[in-house]
1. Given the conditions (1) surrounded by fewer than 18 Cβ atoms within 10 Å (Cβ to Cβ); (2) in a loop (DSSP other than H, G, I, E, B), and given that Gly263 satisfies all but one, which numbered condition is not satisfied?
2. Can you tell which of Glu166, Glu120, Glu135 is in contact with a Lys or Arg (Cβ under 9 Å, 6 or more places away or on another chain), of a type in the set (Asp, Glu) and not assigned by TED's automatic domain parsing to the domain that holds Ala260?
3. Provide a single number: the residues in the stretch 151-181 that are in contact (Cβ under 8 Å) with a residue 40 or more places away in the chain and under 13 Å from the mean Cα position of the chain (by Cα).
4. Would you pick out the residues in the stretch 234-253 that are farther than 26 Å from Thr163 by Cβ and surrounded by 15 or more Cβ atoms within 10 Å (Cβ to Cβ)?
5. I'd like the residue in the stretch 85-105 that is part of a loop (DSSP other than H, G, I, E, B) and out of contact with any Gly (no Cβ under 9 Å at 6 or more places or on another chain) and, out of all such residues, is surrounded by the fewest Cβ atoms within 10 Å (Cβ to Cβ).
6. Just name the residue that is nearest to Asp188 (Cα to Cα) out of those in the stretch 65-123 that are aromatic (Phe, Trp, Tyr) and in contact with a helix residue (DSSP H, G or I) (Cβ under 8 Å, 6 or more places away or on another chain).
7. Examine the stretch 185-196 for a residue that is closer than 20 Å to Leu254 by Cα, hydroxyl-bearing (Ser, Thr, Tyr) and assigned by TED's automatic domain parsing to the domain that holds Ala257, and state whether such a residue exists.
8. Any residue that is within 21 Å of Asp79 (Cβ to Cβ), exposed (fewer than 15 other Cβ atoms within 10 Å of the Cβ) and in contact (Cβ under 8 Å) with a residue 12 or more places away in the chain - is there at least one of those in the stretch 182-189?
Amino acid sequence: MKEKIGITACSDPMKPEFRPNMDRLCAILSDVGYEPVISNCIYPKEYGLHGTGSERAAELMKLYTDPEITAIFDISGGDMSNELLPYLDFEVIRSSEKKFYGYSDLTTILNAIYAKAGKEAVLYQIRNLLYRHSEVQRRDFINTLQKNGNDLYDLDYHFIQGTAMEGVLIGGNIRCFLKLAGTEYMPDLHDKILLLEALNTGVPQLITFLSQLKQLHAFEYVNGILLGTFTKMENEQAQPDAVTLVKEFAGSELPIAKTAYIGHGSDSKGAVIGRYYRF
């Protein structure tokens with residue numbers, strides 16, 4: 001019997017033209033021993049949306065409470081995942097052994113799971129199994145989820161400043177992480193490693209986001225920063241670049257490391273929010 005895994009879309013709805021790729025994804029998962037269970041909140045319905053926040057949260061909680069489902073993967077991204085937060089049952093999540101996987105806008109839910117339930121959640125997009133690096137992604141996925149390996153989470157990185165840092169990892173997409181500021185879903189920043197990455201962020205936006213983090217005293221509280229990819233800025237070779245700006249705002253004493261394997265690229269690996277890391 002194949003192991004069941006849940007597939008949902010807590011952020012923006014998937015476009016109808018994604019359906020062939022969904023079929024391909026389900027076929028890949030079936031080939032490697034899984035039976036995907038698809039939520040009812042994937043594609044647009046009324047007003048081009050795929051359910052209210054409470055409806056999408058209910059679909060997610062159905063996957064959590066289904067005893068046959070062993071893990072939950074969100075295939076969406078965009079803007080709307082924080083709408084679910086008041087409707088999630090964090091006590092159910094706390095008692096569950098299932099990991100939740102998602103990326104980009106799902107940064108809000110990943111960090112809320114850690115902040116409210118004390119559980120790990122994974123910044124990772126399962127759609128990477130479909131794209132350019134699908135062969136490597138499939139190998140790492142199988143070795144990690146089925147063979148107790150660490151391939152999916154094994155990051156190459158180098159230090160920009162400092163030589164070591166350790167702490168529980170929080171953060172993710174910088175724009176989406178900052179949606180949690182001032183809410184009960186924001187993790188405590190003290191002694192953490194802050195992961196930051198971005199997709200469409202340019203220089204002015206990054207300055208805005210870093211200013212907010214500084215005003216939250218993040219760079220005083222955290223033990224270090226792990227930078228993923230900043231896709232738009234790197235593709236456009238923006239100046240000043242993301243590393244320069246982060247160093248300017250964080251100061252010269254805070255350890256900062258960089259990896260090319262966390263972000264929106266199809267070669268991205270997984271980062272476990274809520275896990276203690278030593279870099």
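The values are calculated or read from the model by the stated rules, or taken from the named source; none is laboratory data. As the structure is a computational prediction, the values presented were derived from the model and not from experiment. Here the Cβ positions follow ideal geometry from the backbone for every residue, glycine too, while neighbour counts run over all protein chains shown.
1. Every listed condition holds for Gly263 apart from (1).
2. That would be Glu120, the only listed residue that is in contact with a Lys or Arg (Cβ under 9 Å, 6 or more places away or on another chain), of a type in the set (Asp, Glu) and not assigned by TED's automatic domain parsing to the domain that holds Ala260.
3. Residues that pass the stated criteria total 8.
4. Ala238, the sole residue that qualifies.
5. In the first step, residues of the stretch 85-105 are kept if they are part of a loop (DSSP other than H, G, I, E, B); the result is 88-89, 96-98, 103.
Imposing the further condition that a residue be out of contact with any Gly (no Cβ under 9 Å at 6 or more places or on another chain) reduces the set to 88-89, 96-97.
Numbers: Leu88: 23, Asp89: 17, Ser96: 19, Glu97: 7.
Among residues in the stretch 85-105 that are part of a loop (DSSP other than H, G, I, E, B) and out of contact with any Gly (no Cβ under 9 Å at 6 or more places or on another chain), the one surrounded by the fewest Cβ atoms within 10 Å (Cβ to Cβ) is Glu97.
6. Once the filter is applied, the top-ranked residue is Phe90.
7. No, there is no match, as no residue in the stretch 185-196 is closer than 20 Å to Leu254 by Cα, hydroxyl-bearing (Ser, Thr, Tyr) and assigned by TED's automatic domain parsing to the domain that holds Ala257.
8. Within the stretch 182-189 (the criterion being within 21 Å of Asp79 (Cβ to Cβ), exposed (fewer than 15 other Cβ atoms within 10 Å of the Cβ) and in contact (Cβ under 8 Å) with a residue 12 or more places away in the chain), the answer is yes, since at least one residue qualifies.
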